[in-house]
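Written below as structure tokens is the structure these notes are about.
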Amino acid sequence: MIQALPTPAAVLERNCEQRSETGYLDKVQGSPGHRIVLFRGGRALLDGTGLAYLDPAAAGPHLPSDAVTVYLGRTLPGTHPQVPDGTDLVLKVLADDAGDLPWVPRDASFSGYRDVGDTLGATDAAVFIEAQAVANWHVSHRFCPRCGARTVPEHSGWMRRCTVDGSEHFPRTDPAAIVAVVGGDDRILLASNFAWDANRYSTVAGFIEAGENAEQGAIREIAEEVGVHLHATHYVGSQAWPFPRSLMLGFLAYTHDTVAVPDGTEVREARWFSRGELQAAVLNGEAVISRRLSIARALIEHWYGSAILEPGEALDHEEAAGHATPGGRA
Ligand SMILES: [Zn+2]
């Protein structure tokens with residue numbers, strides 16, 4: 001029996017039905033209790049505690065009237081340490097060249113998710129990811145794919161309508177398969193890409209193609225990139241990864257092959273690790289694996305059976321480090 005990855009529950013009630021009603025966003029913004037999440041250039045405003053939730057009375061007068069505005073949802077009970085339960089959150093996306101914002105709180109600054117994601121709490125991370133996904137979509141879908149005319153937001157920012165032909169356009173998500181490949185000897189196959197530092201290893205990922213199901217995509221990507229044939233694939237969980245708009249579908253997959261062949265164009269090296277080899281390689285710096293905010297890390301640790309220690313953490317976990325064996329190439 002293959003366990004699913006632990007996946008975080010929603011932290012916002014998105015109110016999908018209400019938000020599509022005309023005037024809903026105005027109603028929310030007319031209420032003093034809502035809070036504003038600010039984006040600029042693909043980065044969110046953070047303060048000393050995490051994502052900044054601005055009071056509309058303080059921030060509202062300074063915000064440009066043409067900022068793209070999106071209803072993110074209402075905080076669910078018990079999910080949010082910084083704002084009361086039931087608070088409506090509204091995203092404002094400023095133009096990339098919005099310049100200095102002297103009115104923002106002194107301890108606040110714009111940061112990208114990849115820089116701060118693993119320091120955020122689960123709630124802030126989830127709100128950041130939703131805001132990032134919908135902000136990316138607005139920025140890249142200002143024009144109609146049918147006729148090229150301008151589109152304008154409706155449905156509280158969850159739909160854009162063409163100003164000429166009236167066609168409706170919704171936020172896009174591109175599915176991708178991300179696969180932890182396990183061999184017959186229970187070793188894991190990790191790949192190092194040409195685009196990365198030579199000692200960085202991760203699971204193999206690739207987009208699902210049009211007309212393909214997720215399992216077919218996973219099998220094809222693994223064959224193409226590391227030359228291994230999968231005989232079983234198990235979907236174990238997913239992660240929204242809006243850079244710019246991916247939904248990562250995580251698989252544990254199995255092969256009888258013992259030889260991996262990197263494609264030589266994207267993948268530089270494909271390497272098998274036993275559990276002991278991987279932990280030892282991470283501790284001695286021979287291998288750097290994906291950070292803890294990623295589903296890649298979750299998949300690797302799913303196979304491993306527990307958290308993998310990073311350099312510096314071993315001193316506090318001597319018993320775990322003690323079972324690691326010297327690293328080596330398979
Ligand atoms: Zn059009």
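The values are calculated or read from the model by the stated rules, or taken from the named source; none is laboratory data. Keep in mind that this is a model prediction, so the values were computed, not measured. Because the Cβ atoms are built from the backbone with ideal geometry, glycine has one as well, and the counts that use them run over all protein chains shown. Accessible surface areas use protein heavy atoms only, side chains included; no ligands, DNA or RNA. Shrake-Rupley method; radii C 1.70, N 1.55, O 1.52, S 1.80 Å.
Which residue out of R146, R161 is within 16 Å of the ligand (Cβ to nearest atom), part of a strand (DSSP E or B) and open to solvent by 50 Å² or more (accessible area, probe 1.4 Å)?
R161
What do you reckon, is L299 closer than 24 Å to A214 by Cβ and part of a helix (DSSP H, G or I)?
Answer is yes for this residue.
Can you find a residue in segment 132-140 that is at pLDDT below 95, outside any helix (DSSP H, G or I), away from the ligand (no atom under 16 Å from the Cβ) and open to solvent by 30 Å² or more (accessible area, probe 1.4 Å)?
No; the residues of segment 132-140 include none that is at pLDDT below 95, outside any helix (DSSP H, G or I), away from the ligand (no atom under 16 Å from the Cβ) and open to solvent by 30 Å² or more (accessible area, probe 1.4 Å).
If you go through segment 254-288, how many residues are open to solvent by less than 10 Å² (accessible area, probe 1.4 Å), closer than 21 Å to F207 by Cα and touching a helix residue (DSSP H, G or I) at 6+ places or on another chain (Cβ under 6 Å)?
1
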